[in-house]
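Participant: This structure is in structure tokens; I'll ask about it shortly.
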Amino acid sequence: IAALISLSFGGAVGLMFLMLGCALPQYNQYWPLFVLFFYILSPIPYCIARRLVDDTDATSNACKELAIFLTTGIVVSAFGLPIVFARAELIYWGACALVLTGNTVIFATILGFFLVFGSNDDFSWQQW
């Protein structure tokens, strides 16, 4: 229960930083909300690979490594998008910093979710 509460708290704090980067009166631009797509897309390749791959072999698996590579590309893109917006002067650098802070917290929360619920026991995310 404590892990679930801390994960929900981390998600709420991360989304709060994202919303602050968008909705504060001095920033007032909602372009950073496009990183929400990256939050949704980031766990999908790894979840698909976990369903397709049999974990019994100890050797490296190309499907799982491709999924980790795609997830890494999505995460890097989520960090790069606010920087590109700030360089193009669509958003301010302060808003960019708030969004990057929110990205760090959200992706740490997603990683924590997979570490806590990633095992193949009776209470795992694979049953959902």
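The values are calculated or read from the model by the stated rules, or taken from the named source; none is laboratory data. Every value quoted in this text rests on a predicted model; they were computed, and no experiment measured them. Here the Cβ positions follow ideal geometry from the backbone for every residue, glycine too, while neighbour counts run over all protein chains shown.
Participant: If Leu4 passes every condition in (1) at pLDDT 95 or above; (2) closer than 23 Å to Val116 by Cβ but one, which one does it miss?
Facilitator: The failed condition is (1).
Participant: Another question, then. Which of the residues belonging to region 2-12 are within 23 Å of Cys96 (Cα to Cα) and surrounded by fewer than 16 Cβ atoms within 10 Å (Cβ to Cβ)? Before you say what the answer is, go through the steps one by one.
Facilitator: First, the residues of region 2-12 that are within 23 Å of Cys96 (Cα to Cα): 9-12.
Selection gives Phe9, Ala12.
Participant: Moving on. Here are Pro25, Pro43, Pro32: which of them is over 24 Å from Glu89 (Cα atoms) and modelled with pLDDT under 95? Break it down into steps so the answer makes sense when it comes.
Facilitator: Working: Pro25 fails: over 24 Å from Glu89 (Cα atoms); Pro32 fails: over 24 Å from Glu89 (Cα atoms).
Criteria check complete, one pass: Pro43.
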